[in-house]
Every structure is written in C-alpha cells, then in structure tokens.
Amino acid sequence: MSKGILEHAESVRLCLGPNKEILEAPEVVFLAENQAEARTMIYESEYILEYLQEFSTLLSLGEPSFVTVTEPGRQTSFRYGPHGADRIVLTREHRSMAKVLSAFDESGG
Amino acid sequence: MSPVVEEQAALESRLGDIFTELYSQPGVSGSCLQVGRTVVRHDMPFSDQRMQDFGARLDHLIASYQGVERSVWQICAAFKKYWLLVLCRGEMRLSLLLTPEADTAAITSRGTYLLMQVEVQPVESPAAAAQPAAQAQTNGKHPPIRRADIEACLGTLLSRVVGLSQGRRLIAREVQRLGYGEHLTEFQARHLGQKVLDYIPNRSKREILTSEFLHSLES
C-alpha cells in the first residue's frame, strides 16, 4: 500500500527554485502530514547529487543531468540544472526513462 | 577439487555468461559487479583501485537508503557522456555504463534477471554447491507462495496496459496451461509471471513490468 504523498496521488511533480524553495507543486505536497516527506525529497536530491558528482569524477562521466531512484512501489526522479535540483517527479509506477524525461516538463502535478 | 573451488569455478563461469549476455545488448559500454563494497569483476577502463573506490562509494549510497528502510532496486543517472545504470539485488550491485541511445528498459530487465541467476550461495555441501540457483531456492530457502497473491500482483501490473477482464483471462490461461497448484515455489512464481507478461506486445513496457514483478517477489 502506498504511503505518504503517494497515498493521495499516483504522480506528483515539484518545481524548485535556486534556493530549493518549492515554486510549483500539487496541493497534496503542502498537506501538513506530507511536508516532512517533501523536505526529505528535496534533501535527497542534493544528497544523491553529491554521490553522482563523485561517480562523475571517478568514471569521467561529465556533469549529471538527472537521476531516477526506483524502489518497491515508488520511483523518484530528480533533474539538475545550474543551481542543483530544479525538478522532482515522484510516481507509484515505475516508468521508462523516456517517460521520466517528459514528466519533468509536464504542466501541473 | 574442493567444494569451495568448485563453487568459485561455477561462479566464474556464470559471471562470464552474464557479461557476454549483457554486452549483446546495444549500448552497454562498461560494467562493474560488486558484492557489498567489494568489486568482484569489472571491465571499465580504469584501475582496479579506482573501481574499488567507486564500489565503496556506491555501496555507501545504497547502504544509506537501507539505513532508512528504503530498498533501492535501481538507480539510473544520466551524465553528459554516459548513463550509469545501477541494479541492486541483496548485497549485489551491477553497474553498467550505457550510451544515451541504449534501451535502458531492455538492459534493466536483462541485467536484473541475470543478476538473479548469480546467487552467491554459501557452500553447505557438495550437493548444494552443484545445484543451480533456481533449484536451490526451492529447497526450503523460501516459503511457498500463494498462487492467488501472484495472480493479484500480475493483475495489478497488467491493468496498466490491458483491461481488468482481459488481464484476468491471460492469467487464467497461463495458470491452466502450466497446471500449477495453489502454492508455488519462487521458481514457479517467477515462471508464471514471465509467461503472463510475455503477452504484453510493447517491448519497453513488457521489460519494465517484468523487472517490477521480479523485484516484487523479493518484497
């Protein structure tokens, strides 16, 4: 059974500003019981970016542009711009990379 | 030959087959297999020490998720030059360098399935060491699985691509054809799932749902 934000929605998209403030997100993200999870996702976006930058250095991969973390019943995707993460997409369904990429730019939640 | 040496030889043989299979997929440019933080085998164009450093950092990342009770199956990251696909199963991590044109869904499915074939079995006896992984799992390592639970899982996955009633018919057809009982071994559950999901015509979707099903057996 889905927990947290995914208990209320199958898919949500967060747009972040340069200071990691939420510029745009569906209402479910702002519910009191979901705000901690939203903050955790924003922290996670920076946390995993540090590892990606290490991997990039070790394996000469170039700058990271996005990452998807897939778990049972949950897939979290982060897109990175000049100021770090600027998009977060959270879904119950495990999506292909093509769908993840298009989801970053979809309007609404 | 001692059981340990036999087991090691069998593991080496399986690893060779796995990497051959993976490199038959277009776009696979490099690979690294590790258990925990230890790199077992790699063919990246970097020193062993650098790859050990990579393996240690990757394991640290995965462990940090596990520390908050999050079981990561897969991490896929796009970089300027390559994509890095990391598949996790237990303590095993398979990292693949892919070109951007690679079919990540197909490679994920293949990599996950092949990773499941390499179970680092403890050597309990010469007979146990000689058994293939799938058969060993039927020897009391995993409790029987209710067929109804597998059917429910498959029904949920199929509902994303076909109607409910059609999905149920597909499942019922395969259950009848295979003649499985009310309780399944893990091998039977996996076999049933793969046979049902083979009906999905869209290859990319089929690969994704197959990976998800195989992982869900472990959950």
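Taking a point 7 angstrom from the Cα of residue B:64 along the C-beta vector, which residues in the range A:31-58 have backbone N less than 19 Å away?
A:37-58
Can you give the Rg to Rh ratio of the range B:34-93, both from alpha-carbon atoms, with Rh computed by the Kirkwood formula?
0.97
Scan the range A:9-91 for GluC sites (Glu not before Pro) in coil per DSSP, keeping those whose Cβ has at most 12 other Cβ atoms within 10 Å, and list them by number.
Passing sites in the range A:9-91 are A:10, A:21.
Give me P(r) over the range B:8-108, computed from all C-alpha to C-alpha distances, binned every 10 Å, as integer percentages.
Reading the bins upward from 0: 15, 47, 34, 4.
Over all directions, average the projected area of the Cα convex hull of chain A and note it in nm².
6.8 nm²
State, in angstrom, two size descriptors of the range B:139-186 derived from its alpha carbons: Rg to one decimal place and Dmax to the nearest whole number.
According to the Cα coordinates of the range B:139-186, Rg and Dmax are 11.9, 37 Å.
How many percent of Cα pairs in the range A:1-55 exceed 14 Å?
58 percent
Considering the options B:64, B:209, B:51, tell which one lies farthest towards the positive end of the dipole of the protein assembly as shown, charges being +1 on Lys and Arg and -1 on Asp and Glu at the Cβ, about the Cα centre.
Sorting the options by dipole projection puts first B:209.
So, in nm, how far is label residue B:198 from label residue A:106 when the simple model puts each one 7 Å beyond its Cα toward the Cβ?
About 3.2 nm, to one decimal.
Among A:28, A:96, A:56, whose Cα sits farthest toward the positive end of the charge dipole of chain A (+1 at Cβ of Lys/Arg, -1 at Cβ of Asp/Glu, about the Cα centre)?
The Cα lying farthest towards the positive end belongs to A:96.
Would you compute, for the Cα atoms of the protein assembly as shown, the largest minus smallest coordinate along each principal axis and list the three values in descending order, in whole Å?
In descending order, the Cα extents are 61, 54, 34 Å.
Just grab the label-to-label distance for residue A:63 and residue B:99, each label 7 Å out from Cα along the Cβ direction, in nm (one decimal).
Label at residue A:63, label at residue B:99, 2.4 nm between them.
Values quoted throughout were computed directly from the atomic coordinates according to the rules given, and no laboratory measurement underlies them. Only a predicted model underlies this, so the values are computations on that prediction, with no experimental measurement involved. Cβ sites come from the backbone with ideal geometry, for glycine too, and all protein chains shown count toward neighbours.
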